[in-house]
Every structure is written in structure tokens, then in C-alpha cells.
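A short write-up of the structure that comes next.
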Amino acid sequence: MLFTSSAFVAFMAIVLILYRVFPQRHRWFVLLVASMTFYGFAGPSFLFYITATIVCTYICTTRIRLLRNARDNAVADTVDKTARKAIRAKAKAACKRWFVACLLVTLGLLAIAKYTDFVIGNANSLLGLIGSGRRFGFMHLALPMGISFYTFQTVGYIIDVYREKTTPLTNPFKLALFVSFFPQVIQGPISRFDDLSQTLYSGTPVNRHGFTRAAQRILIGFFKKLVIADRLWPALLVLIEAPDEFRGAFYLFSILLYAIILFADFTGGLDITIGIAEIFGIRLAENFNRPFYSRSTQEYWQRWHITMYTWFRDYVFYPVSVGKSMLRFSKFSRRFFGDGIGKRLPVHITLLWTWFLTGFWHGATWNFVAWGLANGIVIMVSLELAPLYERFHKVFPSLGEKKFYRIFQIFRTFWLMNMIRSFDIYPGVMNAFRLMLSVITEFDLSGFISRNISELTLPISDYVSAGIGLLVLFWLSWLGRGGIDFRDKWATFAWPVRYGVVGAILFTVLILGAYGHGYDARQFIYNQF
Amino acid sequence: MYMRWVKIFSSIIAFVLVFFVVQRLLVPKYATVVLEGGLIREYYSSNFDHNVVFIGDCEVYANFSPITLWDEFGITSFLRGSPQQLIWQSYYLFHDTLRFETPDVVVFNVLAMQYNEPQYEPYNRLTLDGMRWSRAKFSAISASRLYDESWLSYFLPFFRYKDRWRDISGEDFRYFFRSPRVSINGFMIRSDVVPAGFIPAPLPRANFQFGDTAYYYLDRMVQLAAHNDINLVLVKAPTLYPHWHAQWDEQMVDFAQRNNLLYINFLEYIEAMGLDFDTDTFNAGLHLNVFGAEKLARFFGEILLEHFDLPDRRNESDTAAAWNNKSELYHRIIERQQAEISTYGRIINFLIN
């Protein structure tokens, strides 16, 4: 059920009525039923995966909780220090077994659903390389909706429980709601239990003010998705489906289009997600903070898909960095390479490993692995060059404050990230490299101008409507500078202006939106992950 | 509190107002292209006093001249035809007609029997958008809807035509408050000539049997006519293409016999009517032009009088006055079209005004 479908509007209306009718303490249950129904619409068979994840997580975290209770009781009853230590160690080992088992099952389900054919494909390639005629058949398993998102959210919960940062839930249905909460199950954000649980079960009544604010956010989401992303998508398809024809300047145009589409699609989807949650008084983490204003790759990743970035940082990068194996390697590295490189090498390896996993999480293709590694390498290189930058800025101390230099940094980061995203859109890693190279070898600006992009891809009117959409986005971005919610700014307008703005945006969506007859309703891009 | 309600109500009123203004602007006016889209709605501005009502597809609205039927026989008639009008749409238009009048004769053109299921959304719209809301329209939409057609877009055509913002032109403003008139009693006047030359070979078919759904609605049409004491006549208009197969004709002959209906395949009377496909068609034999339509009406008028007790209404002063005005307009339009053809080589203005 697409967020942009009339079926979803009807679904939301029913959920809202039920939510209002039920007593506050049971409202979370309405959300659970709604979430499971929503998930069932994607494919009843997919319910197996998510239910297995929920059941396994509940059993394991409950076992961990019971083991810890038993440990605490035993420790309280034991006077001998050594015996206490032994009790703790035994409990820790038992908890670890349940923790590892839980990770194996939840990540195993993700691996089976998402990576089986990838492994088979690579195994077949290897067999071909060694001259074997044997081939494994592909499984063609359908990818359950949002499996990467809910699995990572669940894994975060399991780790937090294991680390004793979070008290495990005793009610399995509440856990089920945390895993499957319908607005976010499609494309995140990847919530942390401690954050989400503060509002998820409270059954906050729907009020007019909250509803109005949520509706404004949802409206902006629809605007981004329908007026910009879905309007421009057919143009991008034409360009990326013929990479041999559209190279050089066309390639730059393609990656620019993709940046706009991906931003509008993903942030639009998140606006709808967060807005829907807000209707129920549930606060979800923000996932974007004006990423295209970033002045470096590191900054970009602190502003784009924030919850994914912080998930990998907290649950992969940090644990790996301080893990026993990496500490051992660090000692070896310093001894072998000296304090300079030796100190930085473990960081870089961890960084690349984290980005490898980030890429792999996005998709079961080498393209995504290359995309992840490219991000890691760019960050690694910029870390390596940091002393050089420092020396440069010492020579030109005021340059960093200059507006044109800041614009240059933003421009540079924007295009660098666009280039890296080539791995995401063009099939074949080498293909992406060839296209990057074509900017130098066959730029051909005159060819780009003379072929008239509006005739090749979309009529000029579609570019105009998407252009109007972009102007509105810039306006919203300008309103939101300094981390202010655009709705707070809107609230300061006189009511006729405020209502006029909302009405104008609503009519823009209704008229210029790519929906209805003649359009194929398109799922959100991040849904495929 | 009071101010809050003022804000809410004024916003809702403003939204609804703007919505309907925009909708009216975006909905096609059918003034210069696809004029056929304006045919169905024109029935509702007639006086609902017709002895004969024709129902069917394009073989109806282009082929029978109601003015000739009036001028020569004093028969009042209206054509409720639209492009690729499917049989269930015709059936529900028959129903719809009965809300306003009970004609003596209903003539149904049987070419639509070839379709057993919904075909093409734009054609659905050309028929259904023009219908007034009634149970008949609901049923017609239900029977015609394709998988990508939403009910909402029929209630609020904005959602179907929103992308016309690209094509908004002067005519959308010119006909904002009133719709252009495209026919005289449902008849589209075309006095240009494109002779029939090459006629494509009939499409190969594995099965010539008309479908169950088509027969179901034809049966219902027979029942509806009988129930309302209306004479139902089945006809096949004399057009060269799409091909009317002998196997189809046999089925219609058989059906008419079984139901005691009059069935006329005008293809068999081309010579008797004096139709000449070098001069009497405006698109190479697919449809008759006004001169062909007049010949057909003359021929059919005789048959109608022979079989049914239709009054000559030229003696009714009010009716005669109204129809004579129509006739005058009809001939004026033909003269205007002829003048345009001799000046520009083609018809410039297809509207009736």
C-alpha cells in the first residue's frame, strides 16, 4: 500500500477513527493491528519474516532479562566476592549466547531474504572462473518490505538490551509495535528504542494543533515526492538506460537529476512518515538536516540519512574500533608501521569495513559495495589530507570564512557525492567508472545543448513544474536554516497568508503532482533497501 | 472561538471555490479537438420530445441526419451516440433517456456487439463524462471501468484532467461558463469529402461469436424496450470499415427473429439508397458525411413510417417552429462549411453556433 495511494488515505482514516475511539492506554494496540495490517498488504507471506524477527527477539531478550534477574538475586545472596564474580561471569556468558543467537536469527533472516541470490551469483561466477560447469539455481526470494530497516532497528534494540542500556520489554506485543510501526517500516528512520518508546505507547490524543502541524509536514512530503521526484523520474530512466549514448555532459545531468530525485523522494517519504507519526503524538528521529549545504563528506553524512549513519557509527564503527581484535591489530600496527601510519591504519580499516557494510546494507550488488567503499575512501583520504588542509589554511587564514570558499566547498561536496551515487544508479561498477571518466574524455557540451534534453526525456513543462517544486524546496530550506522547523516559521505568518501558503502548496501537489491516470504509482526509492 | 470558525469556514469555502474553478478550467471543452466528447451532454439541453432516439457508437452520430427525418417525414429524433460507445453504455443511455421521455422507437446500431469488455479509457470518458448523474450513470461507470480508472475521477474530473494544465488554451476560458455546441440533435455535421479508397482487409478472427456480456446487455435492451412499450430496431450503419462480418450479421438476423425485432443491415442497401463512397463519406468510408447521412435518413425514414405508426409532426405548430429553426441552422452550417472548404480547402469551424 503506497503512501501516495487512495487506499492508504482510507486506511489512515480508519486507523484514526479507531485510535480516537479506543481508550488511551489501549491505543498502542490499535497501532499494532494497523501496522500488521499495513505489512500484510505488502504480501501476507512477508509477515513470516517480521513475525520471526519479533518472536526471536522477544524470546532472547526475555531470556537475557531472566538471566540478569537471576544473577542479581544470586549476587545479592552471595557474600563471597569471588563467588559473585563467578556468578556474573557465568550470567554474562549465558546472556552472550542468547544475544549471539538472536543476532544470528534476525540478521540471518535478512541475509536469506536479501543476499541469497547475490551469494549464488558470485558462487556461479567463481565456478565459471575455475572452469567448472556446475551452476546453482537462483532462489528469487521476494524481498520483504522494509526488512533492512526493521532488522537494523531490532538489532539496535538487542544490542542495547545486551549492553544493559535498555530494559527489555516484557510485553511481546509492544515489542511487535516497536519493530513494525507502520509509518516507518518502509524506509525508516531507524529509531532507537529509548527514543521511540517515550511516545510510542503513550496513546497521545489527536488534537487539532498537532494534527494541523502533522498535516503540513505530510503535505510537504507529498509535494516533494509527487511534484519533484516522480515528475523527474521518467527523465532519469531514459538517461540511465542508455549509458553508452548519454555520456559526458549528459552523465553530469543524470547524476544531478538523481541527486534531486533521491533527495525529494527520500526526504518526502520521511516527511510523510514523521507527519503520520506526529498525528498519533509519536515523535520519530529526524533523518535529514539540509545535507546539500555540507562542506565535506563527513559533514554530509552527519546530515543525510542521519539515523543510518549513527546506527553504523554506534553499532559497528565504535564496537569494532574498541574490540579486542582491533586493539591487538592496533598494537601490531604501531609496532610495525610506527606511531603515524600505525595509529591511523586501524581507524581506516574500521572505517572501510563500516562503509563496506553500509553499502552492502543498501543492496545486494557489487555496485552498492563500491558505493559504500567509495564513501569510505573519500572520508579516509580527507582524513589523511587533514594536516595538509591545516597547513593550507594557516597560509590563507581568512579563506575559510570567505563566502565564495564556503560555496566552493558546498559545490565540491555536492558533486563529489553525486559522482559516488553513480554506483547506485548505473548497472555495473566499471560502467560507473567509465561514465565518470567520460566527463573528462567526452564532455561534449554542445552535443548536450543541441540534442535538447526536453525532447529526449520529458516535455519542457515537466521540467518547469519540477523547477517550481525546487523553488519551493529552497524556500522551505531557507526558512529552516538554523535548525528551525519550517512550520514554526509558518505559524508566525498572518493566518490568511499561512492558509494561502498551505492552499497554494496543496493545489501545486494536486495539479502538478505525478499521480493518477497515466502515471505508474512509484514506490519510494529507499523502500527497495 | 468565533474567529476560529470564521477561519475554518472561510478556508473551506475558498478551497472549494478554487478547486471547482480550476476543475472547470481543466476539463476539456471539446470545442476544437475531439468534438465528439461534447455529444452526450447535449441531449440534456433538448426538449425531450423525440419520436425516435438513436443509440450507438460513431456509426450513429455521424450517419443519420435528424433534420432530414424532420424535413422529409416530420419525425423528431435525437442521436445518443459517442465514439466506441460500448453496448452497456448504450443500454444505460437508453435507461437515462427514459428518465426524460419515452420515444416510440429506439434504434440501436449493433456494431458495438463486437466488444465484450471495456476497451479504452479515453473513449469511456467521451461517453460517460457527458452523462448526468443518475443510477444509470453509476451503473454505466461500474460496467465500463478499466483497472486504472478511479471512481473519484468521475465524481471530480479534476483528478482525470489535472495534467491538462499543459494544454490550457483560449478555448478553456472562452467556454468556461458555457459549453460549445457541437451537434444538432446529436448529429455531427461534416460536409467535407474524403473518398473511400483503400479499405483495409478484415482483421483475422478465430471466433466470430459475440460475447456473453454483449448479448446480456442486448437482451436487457430488448426487455427495457418491451417494458416501456417502445419499438426497438437494430441497425447496422452502411460504413465500409470496421468490417461487418457475415457471421456477425447472421447472429443479428437470428437474434432479431427470435425476439421479433426489426433488424436492418444498411450495407445491403447501399445501392438502393444511392450512397456513393466517392462523395458521401468524410473519412474514407468509416463514416458518412452529411450528404450520405441525408440519403440514409431518407431511406430509413420510409422504413420507420412503414413499420411504425409515427405521426407527422410538421402540423404541430410549436414543434414545427422549433424544428424549422433547427433545419435552418443545419443548412446554414452546411453552407458555412462549404464556404470554408472552398476558401481554405478544409472545414475550419466545426461548432454549431
Among the listed pairs A:Lys489/B:Lys162; B:Lys29/B:Lys137; A:Lys92/A:Lys165; A:Lys96/A:Lys324; B:Lys137/B:Lys236, which have their C-alpha atoms separated by more than 22 angstrom in this model?
A:Lys489/B:Lys162; B:Lys137/B:Lys236
For the A:Ala215, A:Ile130 Cβ pair and Förster radius 41 Å, calculated FRET efficiency rounded to 0.05 is 0.10
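How many partner chain Cβ atoms sit within 10 Å of a residue's Cβ in peptide A:445-454, on average, as a whole number?
Partner Cβ neighbours, averaged per residue: 0.
Would you mind classifying chain B by shape? Square roots of the alpha carbon gyration tensor eigenvalues, ordered a ≥ b ≥ c; an a/c under 1.5 is rounded, otherwise it is prolate if a/b is larger than b/c and oblate if not.
Taking the square roots of the gyration eigenvalues as a ≥ b ≥ c, chain B is prolate.
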At the level of C-alpha centres, the distance separating region A:331-384 and region A:481-515, in angstrom, is 43
Just the isolated ones, please: cysteines in chain A lacking another cysteine beta carbon under 4.7 angstrom.
A:Cys56, A:Cys95
Which order do peptides B:54-64, B:282-292 fall in by mean Cβ count within 10 Å, highest first?
B:54-64, B:282-292
What ranking, highest mean first, results for peptides B:121-128, A:345-352 when packing means the other Cβ atoms within 10 Å averaged over each residue?
B:121-128, A:345-352
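How big is the dipole moment of region B:1-149 about its Cα centre under a simple scheme where the beta carbon of each Lys and Arg is +1, that of each Asp and Glu is -1, and everything else is neutral? Debye, nearest 20, please.
1040
Nearest 5 is fine: what % of DSSP beta bridges in chain B come out antiparallel, could you say?
So the antiparallel bridges in chain B amount to around 10 percent.
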For chain B, return all DSSP H helices satisfying: extent of Cα atoms along own axis at least 20 Å; mean Kyte-Doolittle hydropathy at least 0.0.
B:2-26, B:290-307
Among DSSP bridges having both ends in the protein assembly as shown, what percentage is antiparallel? Round to the nearest 5.
10
Arranged by the count of other C-beta atoms within 10 angstrom, fewest first, what order do A:Trp478, B:Trp248, B:Trp165 take?
A:Trp478, B:Trp165, B:Trp248
Honestly region A:1-74 on the Cα gyration tensor test (a ≥ b ≥ c root eigenvalues; a/c under 1.5 rounded, otherwise a/b vs b/c for prolate or oblate) is just oblate
Rounded, prolate or oblate: which one fits region B:309-353, using the alpha carbon gyration tensor with axes a ≥ b ≥ c (rounded when a/c is under 1.5, else prolate when a/b beats b/c, else oblate)?
prolate
Quickly rank A:314-325, B:26-37 as a protection proxy: mean count of other C-beta atoms within 10 Å, highest first.
B:26-37, A:314-325
Net charge, A:Asn171 excluded, C-beta distance under 13 Å - Lys, Arg +1, Asp, Glu -1:
+3
Within a 10 angstrom radius of each residue's Cβ in B:3-15, how many Cβ atoms of other chains show up on average? Whole number is fine.
2
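Could you work out the mean count of beta carbons from other protein chains within 10 Å of each residue's beta carbon in B:141-148? Walk me through the intermediate numbers first.
Details: counts 0, 0, 0, 0, 0, 1, 0, 6.
Whole-number average of other-chain Cβ neighbours for B:141-148 is 1.
Values in this text are rule-based calculations from the coordinates and carry no lab data. These numbers come from a predicted model, not from an experiment. All Cβ positions, even for glycine, are placed from backbone atoms using ideal geometry, and neighbour counts span all protein chains on display.
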